[in-house]
């Protein structure tokens, strides 16, 4: 599988409304593109599945996005944990439902709720969250570092879930959570344990979601 690990790496599968990027800040841009293309309605809910919460205020002033080029230029200037709040502030994203075992804590509020694992979500939050998103657009926002238990070691020493468990969790996301209006995926090689680990996880994602990387196009 050919993959470039430069900061601008972005490909998408337009028919499936799936957007891939090396770094997670590009999710902001993808959501804006999705809104502009009418993939999602204003105030969409994001289901953020990630080793990290990624809920930081950006240093730059938040702009109202009118074009796809504006979305990409603004996303380029965001930090890798700064993409959710600006999307909420400009109204593209409404509620954020997180599945993350990040040791960082944030104050839960009306627009942010959190489960710690998919099992926790399944047993405690599934029915409530599903009811809360009735008639809303829902986006799956996945960071592949979710499958690495040792994401604290930068670019090395990965402790990945066994392959059959990764496949099972990806299958669960694909079939048993929501009918996703849009999917964004961050490759995050440094937090997956390195480039090879990120490529491996990306390959599993492509396989489970029935995607051919040769059919991906830049965005």
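The values are calculated or read from the model by the stated rules, or taken from the named source; none is laboratory data. Quick caveat: nothing in here was measured; it's all calculated off a predicted structure. Please note: Cβ atoms are built from the backbone with ideal geometry, for glycine as well, and neighbour counts cover all protein chains shown.
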(message) Residue under question is residue 115, and the condition is that it be free of Cβ contacts under 8 Å to residues at least 24 places away in the same chain and within 17 Å of the chain's Cα centre (by Cα); does it hold?
(response) yes
(message) Would you confirm, using the coordinates I've provided, whether residue 11 is surrounded by fewer than 23 Cβ atoms within 10 Å (Cβ to Cβ), in contact with a strand residue (DSSP E or B) (Cβ under 8 Å, 6 or more places away or on another chain) and within 26 Å of residue 147 (Cα to Cα)?
(response) yes
(request) Please report, ordered by residue number, the helices (runs of 4 or more DSSP H) entirely within segment 1-111 with at least 3 residues that are in contact with a helix residue (DSSP H, G or I) (Cβ under 7 Å, 6 or more places away or on another chain). (result) 26-36, 68-76
(message) Please go through segment 112-124 and give me each residue that is in contact with a strand residue (DSSP E or B) (Cβ under 7 Å, 6 or more places away or on another chain) and in a helix (DSSP H, G or I), ordered by number.
(response) 118, 121, 124
(message) Which of the helices (runs of 4 or more DSSP H) found entirely inside segment 125-219 contain at least 2 residues meeting this: within 21 Å of residue 54 (Cβ to Cβ) and under 17 Å from the mean Cα position of the chain (by Cα)?
(response) 163-175, 189-192, 195-208
(request) Name the residue, out of 201, 161, that is at pLDDT below 95, touching a strand residue (DSSP E or B) at 6+ places or on another chain (Cβ under 9 Å) and over 22 Å from residue 126 (Cα atoms). (result) 161
